[in-house]
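Asks: Following this message is one structure expressed as structure tokens.
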Amino acid sequence: MNTLTRRLYAARAQQGQGAARPAPAASASPAAAPLRPAAATASGGADPLAAYRITREPYWRPVADEVALYEAAYAVRMPMMLKGPTGCGKTRFVEYMAWKLGKPLITVACHEDMTASDLVGRFLLDAQGTRWQDGPLALAARYGAICYLDEVVEARQDTTVVIHPLTDKRRMLPLEKKGEVIEAHPDFQLVISFNPGYQSLMKDLKQSTKQRFGALDFDYPEHEVEAEIVAHESGVDRETAGKLVHIAERARNLKGHGLDEGISTRMLIHAGSLIAQGVPALSACRMALVRPITDDADMRDALDAAVTTYF
């Protein structure tokens, strides 16, 4: 102990506080420090889901009876599975339905390094001690939100197993590390999505997981509907939007014949947005449609030729 430290201890003792003791080192064990409630539950009645509420209506153009079917599924709190190619509107649909139903939406982008703790929560250490922090799944189940696991097949199977108790009659989430069982809020619903085109033996859902969900299939809309969506979202006129859709349709016919995936509606909106900003159509299409999906020179030439057919 150096001289300055001795003087500080002596000064405290003279003030009647007794000799000060060094603070114990932080421990990884939850029992090593007093527990504090997470910030969301200690906010004195503040809405813990305020950040997840959708206040503006997302644009959604119904293409069939998907809205009515989802509403019926939510009425009985059926877990839902959305299947379809990338960029076809699965995430936008969930956002729209959350807005329409007036429910908060917690979205999780799944990835191969995601652990069960990333979903359900973990103990955290800070200056005040050890506190529990709910993960997105626990937060949704506790307070009543729609929890959306985007591209769920990217997560490890041992991670996705934690959703099983929430997707059957039990509707509960065990927090083993905390010694607590969350009874799902009546408003809670679990929604997952994935692209069946990317499935493989290594990346697929177990049957024990799939059979817990209802499912909706999504695909790129028919020509007129997709042109309407592209025009609305990007700001280009309907004629230009129709040309962009024609290019996408040609590219989608090449899926499995040199392309892993066709041009998505999302990409068409990107191209349309560039055109609406004054970028020449040829340059916009090459940058937003052709270059992102292939590096093969011959395939790029074929797609560039399709672009020049319409622009």
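Asks: Residues that are over 21 Å from residue 85 (Cα atoms) and of a type in the set (Val, Ile, Thr): list the helices (runs of 4 or more DSSP H) wholly contained in region 247-310 that include at least 1 such residues. Lay out the reasoning, then the answer.
Replies: Numbers: elements: 265-276, 281-285, 297-310.
Of the helices (runs of 4 or more DSSP H) lying wholly inside region 247-310, those with at least 1 residues that are over 21 Å from residue 85 (Cα atoms) and of a type in the set (Val, Ile, Thr) span 265-276, 297-310.
Asks: Could you tell me whether residue 107 is in contact with a Leu (Cβ under 7 Å, 6 or more places away or on another chain), hydroxyl-bearing (Ser, Thr, Tyr) and in contact (Cβ under 8 Å) with a residue 12 or more places away in the chain? Quick ask: steps written out before the conclusion?
Replies: Numbers: in contact with a Leu (Cβ under 7 Å, 6 or more places away or on another chain): no; hydroxyl-bearing (Ser, Thr, Tyr): yes; in contact (Cβ under 8 Å) with a residue 12 or more places away in the chain: yes.
No.
Asks: Being within 25 Å of residue 90 (Cβ to Cβ) and in contact (Cβ under 8 Å) with a residue 60 or more places away in the chain, is that true of even one residue in region 266-276?
Replies: yes
Asks: Then there's this: Whether any residue in region 244-265 is over 30 Å from the mean Cα position of the chain (by Cα), hydroxyl-bearing (Ser, Thr, Tyr) and under 22 Å from residue 221 (Cα atoms) is what I want to check.
Replies: no
Asks: Still on this structure: Looking at region 198-224 only, could you name the residues that are over 29 Å from residue 154 (Cβ atoms) and assigned to a helix (DSSP H, G or I)?
Replies: Across region 198-224, the qualifying residues are 223, 224.
Asks: Where the second residue is basic (Lys, Arg) and the first is assigned to a loop (DSSP other than H, G, I, E, B) and lies in region 171-186, which pairs have Cβ atoms under 8 Å and are six or more apart or on separate chains?
Replies: Sorted first by the residue in region 171-186, then by its partner, the pairs are 171/77; 177/122; 184/171; 185/142; 186/77.
Asks: For region 226-245, what are the residues that are assigned to a helix (DSSP H, G or I) and loosely packed, with under 15 Cβ neighbours inside 10 Å?
Replies: Keep residues of region 226-245 that are assigned to a helix (DSSP H, G or I), which gives 226-234, 238-245.
The answer is 238, 239.
Asks: Residue under question is residue 59, and the condition is that it be touching a Phe, Trp or Tyr at 6+ places or on another chain (Cβ under 9 Å), surrounded by 13 or more Cβ atoms within 10 Å (Cβ to Cβ) and either at pLDDT below 95 or among the hydroxyl-bearing types (Ser, Thr, Tyr) (or both); does it hold?
Replies: no
Asks: Residue 272 is checked against (1) farther than 24 Å from residue 197 by Cα; (2) touching a His at 6+ places or on another chain (Cβ under 7 Å); (3) surrounded by 22 or more Cβ atoms within 10 Å (Cβ to Cβ) and fails just one. What number does that condition carry?
Replies: Every condition holds for residue 272 apart from (2).
Asks: Further question: Taking only region 137-165 into account, find how many residues are over 18 Å from residue 207 (Cβ atoms) and not in a strand (DSSP E or B).
Replies: So the first thing to find is which residues in region 137-165 are over 18 Å from residue 207 (Cβ atoms), and the list is 137-148, 150-151, 154.
Checking the rest, the ones that are also not in a strand (DSSP E or B) come to 137-145, 151, 154.
The qualifying residues number 11.
The values are calculated or read from the model by the stated rules, or taken from the named source; none is laboratory data. Computed from a predicted model, the values in this text were never measured in an experiment. Backbone-built Cβ (ideal geometry, glycine too); neighbour counts: all protein chains shown.
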